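The values are calculated or read from the model by the stated rules, or taken from the named source; none is laboratory data. Not measured: the values here are computed from a predicted model. Cβ: placed from backbone, ideal geometry, glycine included. Neighbour counts: every protein chain shown.
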Ligand SMILES: Cc1cc2nc3c(=O)[nH]c(=O)nc-3n(C[C@H](O)[C@H](O)[C@H](O)COP(=O)(O)O)c2cc1C
């Protein structure tokens, strides 16, 4: 039976994966409070549909940093796709390309930027950057990504250390494949735990490094992992071309607010100077429309694409992206919006208490 929605893909993927892999991909940090609340917070918003608007023709198409995409849903950077499917990140990129959207390749990918570009040359792609303690490795990786046609660098700033992932501690999950960037940084080809892999990341990174990266990068730099108005303002001041409002899918600090709650303050601080994206817990097209109404230009999905990849490789991941696009299209039509640009702050409200 073909899954009809993201939750059904998640259940199917959970049946296919062993405990170690499932714990790594599905899990969050500590008590997994934010993991749950990310999803619940979108559900606590209410859309305010407008009627008698001509929605005979609805488009979900939009642009992110000037790149046309079929919908305001991008594929978030996530690590180690080979654990889920033998075609790994190449399958995910094929799916994104077929669905007309953009994929962000992780530094912790099991495919190099060069190999991905060679396999899927037409795919719209950004490269997510973790800065290694060994800056030479980061320089080589960035140069390779830029030379391979990745049109933005997405600097992830919320992981100076790995969050406390108790599922991984329990299962003892180790990555059974080579991770080229980490291999270069640690000299260990494969079999590392996520904690060991993240140990190669430089925890001393600061705003000055962002400024330097922006100055040296021939492509725009997106800052991913902003959770406060203060940091949104600093990111813009230090040259970010866009911001991803993100708590890393509930995998880092488990005592923070869900992203649906903090998006408005990040959007306010960005003040229209840069595009703002959001991720964490987006599972339905109506969540996407709510995010647009709160001021996001687009959303990213992490686990939904991974569940599709686990269920059916490129075809499975494409199914997930296609169904999200269909859901976004329907939600737009039912809100009286003929395009993502037609969504306004008046299209969403928080649930009011009855007291
Ligand atoms: C298994 C997994 C691996 C991830 N790996 C990375 C990564 O390598 N780099 C990064 O910036 N974010 C990483 N993230 C965070 C995602 O980019 C994104 O912020 C998060 O998945 C969004 O939440 P969602 O899964 O609820 O959609 C990862 C998330 C998951 C679930």
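Here are a few things to note about the model shown:
- Of all residues in segment 206-213, one or more are touching a helix residue (DSSP H, G or I) at 6+ places or on another chain (Cβ under 7 Å) and either at pLDDT 95 or above or away from the ligand (no atom under 13 Å from the Cβ) (or both).
- When residues of segment 66-78 are limited to those that are under 20 Å from residue 302 (Cα atoms) and assigned to a loop (DSSP other than H, G, I, E, B), the one farthest from the ligand (Cβ to nearest atom): 70
- Any hit, segment 244-252, residues being part of a helix (DSSP H, G or I) and either under 14 Å from residue 29 (Cα atoms) or more than 14 Å from the ligand (Cβ to nearest atom) (or both): no
Condition check ((1) over 21 Å from residue 66 (Cβ atoms); (2) within 16 Å of the ligand (Cβ to nearest atom)) across all residues:
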{"site": "89", "(1), (2)": "yes, yes"}
{"site": "95", "(1), (2)": "yes, yes"}
{"site": "101", "(1), (2)": "no, yes"}
{"site": "110", "(1), (2)": "yes, yes"}
{"site": "115", "(1), (2)": "yes, no"}
{"site": "120", "(1), (2)": "no, no"}
{"site": "123", "(1), (2)": "no, no"}
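- Qualifying residue in segment 319-339 (condition: out of contact with any strand residue (DSSP E or B) (no Cβ under 8 Å at 6 or more places or on another chain), in a helix (DSSP H, G or I) and closer than 21 Å to residue 245 by Cα): no
- Residue 279 at pLDDT 95 or above, over 26 Å from residue 80 (Cα atoms) and surrounded by 24 or more Cβ atoms within 10 Å (Cβ to Cβ): no
- When 15, 8, 32 are screened for being more than 27 Å from residue 122 (Cα to Cα) and under 19 Å from the mean Cα position of the chain (by Cα), only 32 passes.
- Elements of type helices (runs of 4 or more DSSP H) contained in segment 1-46, each with 1 or more residues being touching a helix residue (DSSP H, G or I) at 6+ places or on another chain (Cβ under 8 Å), over 30 Å from residue 292 (Cβ atoms) and near the ligand (Cβ under 10 Å from one of its atoms): 19-26
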